[in-house]
Amino acid sequence: MKILTPVQVKTCDDNAIKILGIESIELMEEAAKACVSYIKNKLKKPAKTLIFCGKGNNGGDGLAIARLLTDVGYLVETYVLDYDGEPSRDFMINSKAFKGNLIYLKHGEPIQLSIAENDMIIDAILGNGLNRPISDCIHTVVSYLNKQNCLRLAIDIPTGMYANAASSNDQLCFKADVSLSFERPKLNFMMKEQSEFVGRFELLEIGWPQDIDKEMPSDYHFTTKADIAHIYKKRAKFSSKHDFGHALIVGGSYGKVGAAVLATKACIRSGAGLTSVYAPICANLMIQMQAPEAMFIEDPNTAHLSLVPARLDYKAIGIGPGIGTENQTGIMVKEIITQSTCSLVIDADAINLLASDKDSFASLKPNTILTPHAIEFERMTQKVESDAERIELGRAFATRYSVILLLKGAHTAVILPDGNVFFNSTGNPALAKGGSGDVLTGIITGLLSSGYSAEEAAKLGVYVHGLAADVCTQQYGMETITASDIIEALKEAFFMIANQVEA
C-alpha cells in the first residue's frame, strides 16, 4: 500500500469521483458513514459527543458525522470554528442539510463547555492538506480540547499535523486517542515524534476503486496483509528439506548463548530445511538441549568466536546474535562477509563490530540485510534528532551500500537499495524486550534459506515477527511476553498468513 502526499490524495479523490460517476459530496458521505460505522462498532457509546468542525472539507466530514450519529441515537453537540476564510462548497451543502443546532466559536470569545470523562470529542477542524502553522483561533480551541480528560478522535488527521514527515512541525496539534484515516495512512503516522498526537490510527475504506494510485510514484509504503499475501509462498507437495536450504546461525559467546538459541529456534520455525549453529565451545550443551533440530558446529575457542567456519556454502547466514565484540570475533565477521557468497543477515554485535570501522560497510554484498535498532544505527551513521531524520539517513545508507536496511521500531522500516521504504503494520510494545531482535534475525535467515529473495524475506520477516507478537498479546497482554513466546507464536502467525492466501 502506497503512502501518498496530500496532492496525490486529492487526485485520487477526484479520480474516484469521475470513475464512480458521483459528486464530491457523495464521497464525503461515504467517508462519514465509514467513521460512524467505526464509532458504533468499535467504541463504547459516550454520554455525549462533541464535534468540532472547521469550514473546509474536513469540517464537512464532521457535519455529516454529526448528522449520522444523531440519526442513530447519539447525543451530539456540533461546533464550528468561525475563523477567517470562505467555507468550502461541500461544507456549505452539509451545513444546509444539518438539522441540529450549529454553535459557532469565534476567536477571542472564552470557551466554556461542559465535557465529562464519559464524553467523546471528535476533531474535524483541519484535514490532510495543512501546509502552514494553525491560526490563533484554532490554536486556542485545540489547546483547550487537549486538556479534556475524555476519549478524543481525529478525522483524517489530527488538526495541526502536517501529513508528510518531510514537513514535520513541532507546533501544537490535537492529541487524538484514535485517528481515522481514509484509504491510506499519512507518512507522519509512522514517526515516533507524532505518536502522542496520532494515537492509534485506523484505515477506513470510502470507495476508492482498486489500484487507483497504481501510476502514482511514491517512495513510502505501508505493508499490509494484502501485500504479504502476494509474497508468501506455498510449499509444493513433493518438497524435501533440501528444497528449503541449509541455514547457518553464527552467534553466541560466554554469557550470551541465549541469543544464539533464540535466533536458531526462530530460523527453524521459519522454514529453513536444515539449520546449523556456529558458536564457541561454551554454547554446545545449551544449543543441543534447546534446539535439538539444529546441528552444532564448534569454534575452537571456549568463550567467543575466533575463526571463520570451515565451510560457508550455505543458502543463508545470520550473524551477530550474542557474539560479543572481541577483536578475534570482529576479524571473523569481516572475513565471513568477504568470503561468503550466500544471502547474509547482519545483526547485533556484528553491526557494532562493523560500525567500529565504517569503511568495512563498503565490503557488503548487494542486498545484504542489516537489522539495527536505533542506537546501533547511530553507531553506523550519526546521532539523529527524529524518526524522520533517521529514515532519510537510512535511505542514504541503503542506497550508498546497495543493502537492505531494517530500522526497528513501532513501524519497523524496510529500506531497499533504491530508497523505497516499507513501514510494517504489525507488532506492538511487547517486542520492546531483550531477545526480540535475535528472533527477527532467525526468522529472516530461515526465510532466505527457504527460497525467498532478500526483499521478500525482509518484508515477510518483519511482518510475521510483529504478527506473532500481536497473537501473544491477544492472549496474555504485553508485559509478560518473552522472545521465546514470540517464537512459539510463529506457528499461529504463519498459519494465519497461509489461511489468508488459501482464501
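Since every read-out is calculated from the coordinates, none of them should be taken as a lab result. Nothing here was measured: the structure is a model prediction, and the numbers come from that model. Counting neighbours? That spans all protein chains shown, and the Cβs are built from the backbone with ideal geometry, glycine included.
Below, the figures for the structure above:
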{"read-out": "Index of the failed condition, Thr338 passing every other in (1) under 14 Å from Ser253 (Cα atoms); (2) assigned to a helix (DSSP H, G or I)", "value": "(1)"}
{"read-out": "The one condition in (1) surrounded by fewer than 24 Cβ atoms within 10 Å (Cβ to Cβ); (2) touching a residue at least 24 places away in the same chain (Cβ under 8 Å) that Ser449 fails to fulfil", "value": "(1)"}
{"read-out": "The lone exception for Ala498 - which of (1) buried (at least 17 other Cβ atoms within 10 Å of the Cβ); (2) assigned to a helix (DSSP H, G or I); (3) among the aliphatic types (A, V, I, L, M) it fails", "value": "(1)"}
{"read-out": "Single residue of segment 1-56 satisfying the filter (in a loop (DSSP other than H, G, I, E, B) and charged (D, E, K, R)) that is nearest to Glu77 (Cα to Cα)", "value": "Lys48"}
{"read-out": "Index of the failed condition, Tyr74 passing every other in (1) of a type in the set (Ser, Thr, Tyr); (2) under 25 Å from Leu130 (Cα atoms); (3) assigned to a loop (DSSP other than H, G, I, E, B)", "value": "(2)"}
{"read-out": "Considering residues of segment 72-92 that are of a type in the set (A, V, I, L, M, F, W, C) and surrounded by fewer than 18 Cβ atoms within 10 Å (Cβ to Cβ) only, the residue farthest from Glu29 (Cα to Cα)", "value": "Leu75"}
{"read-out": "Within segment 389-409, considering residues that are β-branched (Val, Ile, Thr) and under 14 Å from Thr371 (Cα atoms), the one surrounded by the fewest Cβ atoms within 10 Å (Cβ to Cβ)", "value": "Val403"}
{"read-out": "Qualifying residue in segment 303-319 (condition: over 24 Å from Ser450 (Cα atoms), of a type in the set (A, V, I, L, M) and loosely packed, with under 15 Cβ neighbours inside 10 Å)", "value": "yes"}
{"read-out": "Segment 354-380 - residue that is surrounded by 13 or more Cβ atoms within 10 Å (Cβ to Cβ), aliphatic (A, V, I, L, M) and out of contact with any Lys or Arg (no Cβ under 6 Å at 6 or more places or on another chain) and, of those, farthest from Gln339 (Cα to Cα)", "value": "Ala374"}
{"read-out": "Subset of segment 472-495 [β-branched (Val, Ile, Thr) and either assigned to a helix (DSSP H, G or I) or surrounded by 14 or more Cβ atoms within 10 Å (Cβ to Cβ) (or both)]", "value": "Thr473, Ile481, Thr482, Ile486, Ile487"}
{"read-out": "Test: residue in segment 64-77 that is within 15 Å of Leu102 (Cα to Cα) and in contact with a Leu (Cβ under 6 Å, 6 or more places away or on another chain)", "value": "yes"}
